[in-house]
Amino acid sequence: MAAVQKAIFSSGILLITAILFALRVDNTVDWNWFLIFIPLWLFDAVMITYLIVNIIIHFRTAFCGNVDRNDMTKNRKYGLLVFCVLKITFQILLCLRLEDFYISLYYVLIPLWIILVAGLIDNFFVLKASGAYR
């Protein structure tokens, strides 16, 4: 899939989610919050499928070393897979909280904080490896 097609698909998913979210917040529709997040879960399903296929291809082909044609190590692919699982966990907890289940906001935001801290640490190591701090 070309980069333009990926960008159009991602933008379309975000636009549909934003429209559904605005309709729900404005009380125009009285849908369940889990229905509002379906476009994001479809996007996550595509992303997880892509990552799993990429990991399988990584193991089935003989690459030189630990890096594939996209300059992604298998550890980075595992990290992206964990990121997707944490994102889905955050979305499910948020939907439960918005559906009037009593879950402390502290527990709802734990996956998000893990994602943010891990992303910050990952960016630091990428910048350090690229030589930006030299």
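Please treat every number below as a calculation from the coordinates, not as lab data. Everything quoted here is computed from the prediction, not taken from an experiment. Here Cβ is always computed from backbone atoms with ideal geometry, including for glycine, and neighbour counts include all displayed protein chains.
Descriptive notes on the structure:
- Conditions (1) out of contact with any helix residue (DSSP H, G or I) (no Cβ under 7 Å at 6 or more places or on another chain); (2) more than 18 Å from residue 40 (Cβ to Cβ): number failed by residue 96: (2)
- Beta carbons closer than 7 Å, at least 6 apart along the sequence or on distinct chains, pair a first residue in region 111-128 that is closer than 18 Å to residue 91 by Cα with a second that is polar (S, T, N, Q) and surrounded by 12 or more Cβ atoms within 10 Å (Cβ to Cβ) for 111/89.
- Residue list for region 8-67, filter: acidic (Asp, Glu) and part of a helix (DSSP H, G or I): 44
- Region 42-61 residues that are within 29 Å of residue 17 (Cα to Cα) and without any contact (Cβ under 8 Å) to a residue 24 or more places away in the chain, paired with ones that are loosely packed, with under 12 Cβ neighbours inside 10 Å and β-branched (Val, Ile, Thr) (beta carbon under 7 Å, 6 or more apart): none
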